[in-house]
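The structure appears below as structure tokens.
The values are calculated or read from the model by the stated rules, or taken from the named source; none is laboratory data. Source: prediction; values computed, not measured. Please note: Cβ atoms are built from the backbone with ideal geometry, for glycine as well, and neighbour counts cover all protein chains shown.
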Amino acid sequence: MVTSPPSNALRGTMLLVLLAGAFTVMYFKLLLSLPCYPSPPHRVRQSKHSLLRPAEVSEANKPLVLVWFWPDDKQFPLSDCRRLFNIDNCRLTDDRSEYSKARGVVIHHSAISGDLSNIPKTRPRFQRWIWLNMDSPSRTRRVEGLKSLFNLTVTYRKDSDIHVRWKVAVRRATDGPFQFPLKKRTVCWVLDSENLESNGSKSYSFFTELAKHIEVDLLNKSSEELQGDGYFSVIASCKFYLSFENSVHTDYITETFTRPLAAGTVPVVWGPPRRNYEKFAPGTSFIHVKDFPDAAGLPKFLQNLDSDLEAYMKYFEWWKFYTLRRPLTDERYTYARTICQACRYVGLNKNYRVVKDLYKWFLE
């Protein structure tokens, strides 16, 4: 059987179909290439929950951190973390009734009773117990039962989960030039009133030898002139300050060092080795007692600096590049930065570690 060729009408119809298909494809390609614009807004009836401001919603979602003990009864307004340190990613409370909601619980070591009766008996799986201890190992009381109780630590040590010591920072253009304070005294040292007469520490023994060769102004910590910001005015008037720690341990560098440094004087330090201090501040910003073979070598060096302004001013060269925020002097805020930093850490991190042996890590 022979098939006849298609008629002219059929060929025309097939051509029209092919042209229509090609046109359709080109049309959709054109649509896809055009930019998309949002639909015009239209009013929608708001629910009760949608009337909440974004700040209120985010505040409710911030992790809660409970201060179980106020360290040494130094209580400060909990909202001051934002004002003082710009920390705003967590919520602080001291209300123990909110314990079950708290993601973190800060527990000050020295307040824990020997039988653990004043701390919670159980811990929710999501909760972090934060061991707070700013004392040195020499002054830390051993309490049985704490070996593996905590899963976060906040101490002065750099290998803590949360490290809180002040450090120098790169100077910004907005910080302004260093204002060299007027000097009225040569060597100063601030002591508690009960320690002005006697002190059995090694640092005090070194001081007694030092005082045989150079005059040292002893200042009573409880005096009115050293309260609040008056402390910085008094210390700034000293050319050198004896920044002697009460014990010698790695990283144990306290406000005894950072306050005089921020005030604009030259600290003469007694504490861990020089290389440890240099992790916190430039090596040309302080004088270490171990730089000298005995107590007689140090006063001679200080006397030479006292009479050589150009050599003395070299100890302030670091101010051109770095700055150091003044530690707070109000007694209420003694632990403010520590607690606020712990709160910030919980707000930023969900991770934790198992501290298998707290005392082996900290004491030994």
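Pull out all pairs, ordered by first then second residue, where Cβ-Cβ is under 7 Å, the residues are six or more apart or on different chains, the first lies in region 294-320 and is assigned by TED's automatic domain parsing to the domain that holds residue 213 and modelled with pLDDT under 95, and the second is of a type in the set (Phe, Trp, Tyr) and loosely packed, with under 12 Cβ neighbours inside 10 Å.
Short answer, once both residue conditions are applied: 316/180.
Applying the selection to region 94-111, what residues are farther than 19 Å from residue 351 by Cβ and touching a Lys or Arg at 6+ places or on another chain (Cβ under 9 Å)?
Once the filter is applied, which keeps residues that are farther than 19 Å from residue 351 by Cβ and touching a Lys or Arg at 6+ places or on another chain (Cβ under 9 Å), region 94-111 yields 109, 110.
Could you check residue 242 against (1) over 22 Å from residue 325 (Cβ atoms); (2) without any contact (Cβ under 8 Å) to a residue 60 or more places away in the chain; (3) surrounded by fewer than 16 Cβ atoms within 10 Å (Cβ to Cβ) and say which number it fails?
(3)
Anything in region 127-152 that is β-branched (Val, Ile, Thr) and in a loop (DSSP other than H, G, I, E, B)? List them, or say none.
Answer for region 127-152, where residues must be β-branched (Val, Ile, Thr) and in a loop (DSSP other than H, G, I, E, B): 140, 143.
Could you check region 301-360 and list, in sequence order, the residues that are buried (at least 18 other Cβ atoms within 10 Å of the Cβ), of a type in the set (A, V, I, L, M) and either out of contact with any Lys or Arg (no Cβ under 9 Å at 6 or more places or on another chain) or closer than 17 Å to residue 90 by Cα (or both)?
Listed by number, the residues that qualify are 336, 339, 342, 346.
Residue-by-condition table, conditions (1) of a type in the set (Phe, Trp, Tyr); (2) assigned to a helix (DSSP H, G or I); (3) over 21 Å from the mean Cα position of the chain (by Cα); (4) modelled with pLDDT of 90 or more:
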{"position": "206", "(1), (2), (3), (4)": "yes, yes, yes, no"}
{"position": "213", "(1), (2), (3), (4)": "no, no, yes, yes"}
{"position": "222", "(1), (2), (3), (4)": "no, no, yes, no"}
{"position": "232", "(1), (2), (3), (4)": "yes, yes, yes, yes"}
{"position": "241", "(1), (2), (3), (4)": "yes, no, yes, yes"}
{"position": "260", "(1), (2), (3), (4)": "no, yes, no, yes"}
{"position": "268", "(1), (2), (3), (4)": "no, no, yes, yes"}
